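Contents: one structure, followed by commentary.
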Amino acid sequence: MARETIEALFEENRRFPPPADFAAGALVNTPAAYAEASGDPRAWWAAQAETLEWRRRWEHVLDWSDAPFARWFTGGTLNVTESCLDRHVRSQPDKVAFFWEGEPGDTRTITYAELHAEVCRFSSALSQLGVRKGDRVAIYMGMVPELPVAMLACARLGAAHTVVFGGFSAEALSDRISDTAATVLVTCDGAWRSGQVVPLKEMADEALEGGTTIQSVVVVQRTGHGAKMSDGRDVWYHDVVADQPDQFPAVECASEDLLYLLYTSGTTAKPKGIVHTCAGYLLGTAVTHRLCFDLKPDDVYWCTADIGWVTGHSFVVYAPLANGATSVIYEGAPQHPDRDRFWAIVERYGVSKLYTAPTAIRTFMKWGRQLPDRHDLSSLRLLATVGEPINPEAWMWYHEVIGGGRCPVVDTWWQTETGQLMIAPLPGLTETKPGSATFPLPGIAADVVDESGRSVPLGRGGYLVITEPWPAMARSLYGDPDRFVETYWSRFSRPEEGRWVYFPGDGAKRDSEGYYWLLGRVDDVMNVSGHRISTMEVESALVDHEAVAEAAVVGRSDDRTGQAIAAFVTLEGDRVGDESLMAQLREHVSKKIGKIARPASIVFTDDLPKTRSGKIMRRLLQDISEKRQLGDVTTLANSDVVHEIAQRAATQQDEN
Ligand code: WTA
C-alpha cells in the first residue's frame with residue numbers, strides 16, 4: 001500500500017486555499033499561533049490551559065524529568081466533568097449537548113442541564129455500588145446516551161473507565177476486564193445495528209463466566225429483547241438511577257490522575273492499555289477540536305465515530321463537551337433503513353461540522369451521489385476525516401459532493417496514544433492538498449527521519465516522529481511501563497543525550513513545501529476501515545483453532561476498507577482446507593477478537609514462505625495478496641512454495 005501511495009502522491013498538485021468568507025470569520029486566520037507556540041510551546045499550552053475549569057491552579061506546566069513518562073500541569077487539581085458540564089450548566093443550561101438518534105428512528109434531545117443531572121444520578125448510583133476514586137469500571141455498550149453518561153459519571157468519581165467497543169467479542173471484553181481488574185461493568189441488554197439486535201448482555205455474561213473481578217453489572221435497557229439478569233450481580237440502569245439526586249459532588253483529582261484506559265492493538269498479540277490522565281488530555285483534545293473544527297457557538301457538530309474508539313472518546317465525548325458544543329450522536333448503521341441515513345441526519349439537525357472516516361467516504365462514493373443529492377446539505381461548513389490516509393479521489397468527492405465545493409476539508413492525523421489531533425490543517429489558514437494532513441499543529445513538533453533518526457530532506461519519505469512532549473500524550477501502558485518505552489520511545493531516542501523521540505509507527509513523506517503525507521503503518525499493524533488490528537492477534541486467533549498448524553496474516557490494500565485481512569494457513573496433519581473449514585476459521589477469529597478482525601480471504605497452503613532462520617516473509621505474502629510481481633525469493637528456505645501460494649490466491653474470492 002505504501003508503495004502505491006507514494007507514487008500517487010507525486011501527481012497530486014491540486015490545492016485548496018480556505019474559502020475567503022470562511023477565512024474571514026475563522027478563529028485562526030493568521031500564522032501567529034504557529035509562531036507563538038513554536039517559540040515557547042510550554043508557555044503556549046499553559047496559556048490555553050486557562051480555558052479549563054480548575055480547582056487549584058498548576059505549579060509546573062510540564063515535568064519531563066522522568067521522560068518518557070510525562071507529567072503535565074503538576075500541582076493542579078480539577079475534575080474534568082466540571083469543565084465538560086458544570087460550567088456550561090451555569091452559563092448555558094438549555095443549550096443542547098446531544099441530539100441523539102436511535103437506529104429505529106427514536107430521538108432524544110439532551111441539554112447541558114439534563115446531561116449534568118443524569119451524570120450526577122449515575123455517579124451517585126456507581127458510588128453506592130462501591131466505586132471509588134482510582135477504581136476501574138468497564139463499559140461495553142452501544143451508542144446510547146447512557147454511554148457518555150457512564151464515562152462522565154466515572155470521571156466525576158475519579159474512577160477510570162475502560163470502554164470496550166460493542167463490536168468486540170466476549171473474549172476481548174474478558175481480557176480487558178482482567179487486565180484492568182474492573183469491579184463494575186456497565187452494559188446494555190442489546191444494541192441496534194442494521195435492524196438487528198447485537199446481544200451485548202449475552203456476550204457480557206459469557207465474558208464473566210468462570211468468575212472475574214466484576215462484582216456488579218449495570219444494564220441499560222435498550223432493545224428490550226428479554227436479556228437474562230443474574231440475581232445479586234445484575235441491576236437495571238433505570239432502577240439504580242431512579243431515586244438518585246440530580247446533584248453529586250465532583251471528586252477533586254490531580255492533573256495526572258488516571259482518566260481512562262483504552263486498549264489498542266499492539267505488534268504482539270496482547271492489546272496495550274493506553275493510559276490517559278485528566279488535565280493534559282482534556283486540554284489537548286479541547287484545544288485541537290476548537291482550532292481544527294473552527295468551533296463556533298451555533299455549530300451543530302457530528303463525529304460519526306463509535307465511542308468505543310479513541311475518536312469517540314476524544315471527539316464525541318470529552319472535547320465537544322469541554323468546548324460546550326452541540327453534537328449529534330447516531331446509534332446505528334449508515335445503510336439503515338436506507339443508504340442515505342447520514343445525509344438525512346445532516347439535513348434534519350442542520351449539521352455544520354462533519355467528522356468521519358475515509359472508509360465511510362469510499363463506501364458512500366460507491367453507493368453513488370444520488371443519495372446525498374436527495375438531501376439539503378447546505379448547513380455544512382467544514383468536513384473532516386480521520387483513521388487512515390485519505391486517497392485524493394475520496395478527498396475530492398467529499399469536498400465536491402458532500403461539501404458542495406465550499407467547505408474546507410480537514411484531514412486529521414493522530415492516534416489513540418496521542419489522544420489529541422497532531423497533524424492537521426487550520427481551516428481558516430492552511431491551504432490544503434487532497435490527501436495531505438498538511439502540517440503539525442501549533443505546539444506540536446514533528447519530523448520525518450531515516451533509519452538512523454536523521455531528519456530527511458523535503459521531498460523524501462521516512463518515519464514520522466514527534467520530538468517534543470504534548471499535553472494529551474499517553475502516559476504509559478497500563479501495568480507495563482517497559483513496553484511503553486520499548487514500543488514508542490526506543491527506536492529514535494538518545495536517552496544518554498536526554499533526547500526523547502516518540503515513534504508512532506507510521507511512515508510519512510514531506511513534499512517540497514513541507515506538507516506531510518502519511519503513508520500508513522510501518523509495523524505489523526493493519527488498518528481495516530480505520531481500525532487498528534494487529535497481524536499477530538489474528539494469527540494467534542487462527543492458530544488457536546484445533547485444525548490450524550501455522551498462520552500468517554497480512555493487510556492488503558482494499559478499495560473500500562483501506563486494508564483487508566489476508567490469511568495464509570497451514571493445517572494440522574490430514575485436515576482438509578475446504579469451504580466449511582474456511583467459514584469455521586472466520587467464525588473462530590470473530591469469536592476470539594470480533595467481527596472486524598475476520599480475514600477477507602484465507603488461503604490454505606502446505607507451507608509458508610520462510611527465511612532460513614525460520615522467519616515468515618510477510619512482505620512476499622503481501623506481494624501475492626496485492627497481485628504484484630514477486631520480490632526476491634532467493635533468501636527463502638522454501639522458494640517453490642510462493643508460486644504455489646500465488647496460484648491458490650489467484651483463484652480466491654473475498655468474503656465479507
Ligand atoms: C492511522 C485513530 C493517515 C495511522 C485516531 C495511525 C491516519 C493510526 C490518519 C491510529 C490520517 C489515523 N492519515 N493515517 N488522518 N488518522 N491514521 O489509534 O496509521 O485507532 O497510527 O487512532 O491510524 O489509529 P487509532
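The values are calculated or read from the model by the stated rules, or taken from the named source; none is laboratory data. Not measured: the values here are computed from a predicted model. Virtual Cβ from ideal backbone geometry, glycine too; neighbours counted across all protein chains shown. Areas reflect the complete protein model, heavy atoms only, side chains present, ligands, DNA and RNA absent. Shrake-Rupley method; radii C 1.70, N 1.55, O 1.52, S 1.80 Å.
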- Query: Ala446's amide H: which non-local residues (gap 5+, or another chain) put their own amide H closer than 5 Å, with H modeled 1.01 Å from N in plane and none for Pro or chain starts?
  - Reply: Thr467
- Query: What's the long-distance tail for the chain, i.e. % of Cα pairs beyond 50 Å?
  - Reply: 8 percent
- Compute the separation of the alpha-carbon centres of the stretch 122-145 and the stretch 523-543 and state it in Å as a whole number. 30 Å
- On full extension of the chain, what length is gained from Asn29 through Thr74, given 0.36 nm per residue of separation minus the C-alpha to C-alpha distance? 13.0 nm
- Förster radius 60 Å - calculated FRET efficiency between Ser230 and Gln647 (Cβ-Cβ, nearest 0.05): 0.70
- Search the structure for amide H atoms under 5 Å from the amide H of Val522, placed 1.01 Å from N in the peptide plane, and list their residues when 5 or more places away or on another chain. Asp506, Gly507
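On full extension of the chain, what length is gained from Glu486 through His60, given 0.36 nm per residue of separation minus the C-alpha to C-alpha distance?
Result: 150.6 nm gained on full extension.
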- Message: Taking 41 Å as R0, compute the FRET efficiency from the Cβ-Cβ separation of Arg499 and Arg619 and round it to 0.05.
- Response: 0.85
- Val410 long-range amide H proximity, modeled H, under 5 Å: Leu383, Ala384, Thr385
- Which parts of the stretch 282-323 would a label at His375 reach, counting a residue when its backbone N lies under 17 Å from a point 7 Å out along Cα-to-Cβ? 300-306
- Message: Need the list of lysines near Lys353 for cross-linking: C-alpha distance under 28 angstrom, and skip anything on the same chain fewer than eight residues off.
- Response: Lys95, Lys296, Lys366, Lys433
- Among Thr432, Thr183, Thr107, what's the order by accessible area (1.4 angstrom probe), most exposed first? Thr107, Thr183, Thr432
- Item | Per-residue SASA entry for Ser590, accessible area with 1.4 Å probe, Å² rounded to 10 | 20 Å²
- Once the dipole of the chain is set up with Lys and Arg at +1 and Asp and Glu at -1 on Cβ about the Cα centre, which of His531, Pro249, Gly280 lies farthest towards its positive end? Gly280
- Query: Which of Lys201/Lys272; Lys509/Lys615; Lys270/Lys592; Lys201/Lys228 have a Cα-Cα distance over 18 Å?
  - Reply: Lys201/Lys272; Lys509/Lys615
- Projected onto the charge dipole of the chain (+1 at Lys/Arg Cβ, -1 at Asp/Glu Cβ, origin at the Cα centre), which of Tyr140, Gly350, Gly167 gives the Cα projection farthest towards the positive end? Gly350
- Query: Which distance in Å, rounded to a whole number, links the C-alpha centroids of the stretch 365-410 and the stretch 565-621?
  - Reply: 37 Å
- Reach of Lys610 by Cα under 17 Å, taken over aspartates and glutamates that are not fewer than 8 positions away in the same chain: Asp524, Glu539, Glu550, Asp623, Asp632, Asp640, Glu644
